[in-house]
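A.B. asks: Structure in structure tokens, see below.
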Amino acid sequence: MEENAYLGDVIAGLIFFAAGARLLRLAVQSGREPERLLSASFLLWSLGYTLYDVPYALADDDSVRMRFFFAARIALDLGNIGFLLFTRCVFRSRERWATWLVTGTAVCLVAGLAGSLWVGDLEGVRPLSNPWYWPERLAGIVPSAWMAIEGFQQYARARQRRRLGLCDPLLCNRFLLWGVSGALWVILELVLILHEFRYETVQAFSTALGVLTGWLEVIPVALLWLTFFPPAFYRSWITGGAVAAEEDPAHGG
């Protein structure tokens, strides 16, 4: 991918690793499935970003780079499957359609990988000449879209309960951050499709799209860090703002 996106990849990969490691420690302590699934997803995504970037520093052979790229795709897609399982476990554990959604998406991801390997598109950047590009790329949008939908729905419900004093402001804010992160990832996936269309057409990545991709990598991951590990000043800001708003007569009625 274009060099302007590398820094975003590195930062996102590091944050995913730090968050995944902390969640793994929580999973070991609690023994709960959601923490295990989410930590596995984050660590796999971190591995995927690392595998994408390492060959540029260590390898001059394009064939070696392509193997790294394909391994990165495997790690990222496994992380997507783990994230789908997390979303189903937390939000829709009793819904049959959620099980079918996870299964169908996983099949598309695996088919896209296998097909791309067959036609020789190991990097997965040929939307025009590789028909297997599309099952994997479109399936890759599903985890983020589902994340955004669940986050915004839960935020709307939590906001109503918060007005009645039945929901903690931090919990309400976490749902909002969750939804915004998912929405930004959907935008990222669409930008990547445009990026790769341009690459196959003119054999060059767009600098502007590369910069945008980098920001769309970093911002959602930073928001997720605030979701799970908000620092003291952020917790104070969210809870203090909520209290002030409730006490302000202008917000009454």
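The values are calculated or read from the model by the stated rules, or taken from the named source; none is laboratory data. All figures in this text were calculated on a predicted structure; none of them were measured in a lab. So basically every Cβ, Gly included, is an ideal-geometry build from the backbone, and we count neighbours across all protein chains shown. To get the accessible areas, we keep the full protein, side chains included, count just its heavy atoms, and leave off ligands, DNA and RNA. Shrake-Rupley method; radii C 1.70, N 1.55, O 1.52, S 1.80 Å.
A.B. asks: Specify the residue that is modelled with the lowest pLDDT; the eligible residues are those in the stretch 192-210 that are touching an Asp or Glu at 6+ places or on another chain (Cβ under 9 Å) and farther than 21 Å from residue 138 by Cα.
C.D. replies: Residue satisfying both the conditions and the ranking: 204.
A.B. asks: Only residues that are open to solvent by less than 70 Å² (accessible area, probe 1.4 Å) and not in a helix (DSSP H, G or I): list them for the stretch 195-224, please.
C.D. replies: Hits for the stretch 195-224 are 204, 205, 206.
A.B. asks: Another question about this same structure. Anything in the stretch 16-35 that is within 14 Å of the chain's Cα centre (by Cα), more than 22 Å from residue 195 (Cβ to Cβ) and open to solvent by less than 40 Å² (accessible area, probe 1.4 Å)? List them, or say none.
C.D. replies: Going through the stretch 16-35, the residues within 14 Å of the chain's Cα centre (by Cα) turn out to be 16-17, 19-20.
Next cut, more than 22 Å from residue 195 (Cβ to Cβ) only: 17, 19-20.
Answer for the stretch 16-35, where residues must be within 14 Å of the chain's Cα centre (by Cα), more than 22 Å from residue 195 (Cβ to Cβ) and open to solvent by less than 40 Å² (accessible area, probe 1.4 Å): 19, 20.
A.B. asks: Select from the stretch 166-212 the residues that are more than 17 Å from residue 121 (Cα to Cα), more than 13 Å from the chain's Cα centre (by Cα) and of a type in the set (Ser, Thr, Tyr) and list them in ascending order.
C.D. replies: Those that are more than 17 Å from residue 121 (Cα to Cα), more than 13 Å from the chain's Cα centre (by Cα) and of a type in the set (Ser, Thr, Tyr): 206, 207.
A.B. asks: Right, another one. Going through the stretch 93-131 one residue at a time, which ones are of a type in the set (A, V, I, L, M, F, W, C), open to solvent by 30 Å² or more (accessible area, probe 1.4 Å) and out of contact with any Leu (no Cβ under 9 Å at 6 or more places or on another chain)? Spell out how you get there, then give the answer.
C.D. replies: Kept after step one, since they are of a type in the set (A, V, I, L, M, F, W, C), are these residues of the stretch 93-131: 97-98, 100-102, 106-111, 113-114, 117-119, 122, 125, 128.
Those left that are additionally open to solvent by 30 Å² or more (accessible area, probe 1.4 Å): 97, 100-101, 107-108, 110-111, 114, 117-119, 122, 128.
If the condition is that a residue be of a type in the set (A, V, I, L, M, F, W, C), open to solvent by 30 Å² or more (accessible area, probe 1.4 Å) and out of contact with any Leu (no Cβ under 9 Å at 6 or more places or on another chain), then 97, 100, 107, 110, 111, 114, 117, 118, 119, 122, 128 are the ones that fit.
A.B. asks: Pick out the one residue from 38, 84 that is within 18 Å of residue 222 (Cα to Cα), aliphatic (A, V, I, L, M) and part of a helix (DSSP H, G or I). Show your work before the answer.
C.D. replies: On the way: 84 fails: within 18 Å of residue 222 (Cα to Cα).
Answer to the selection: 38.
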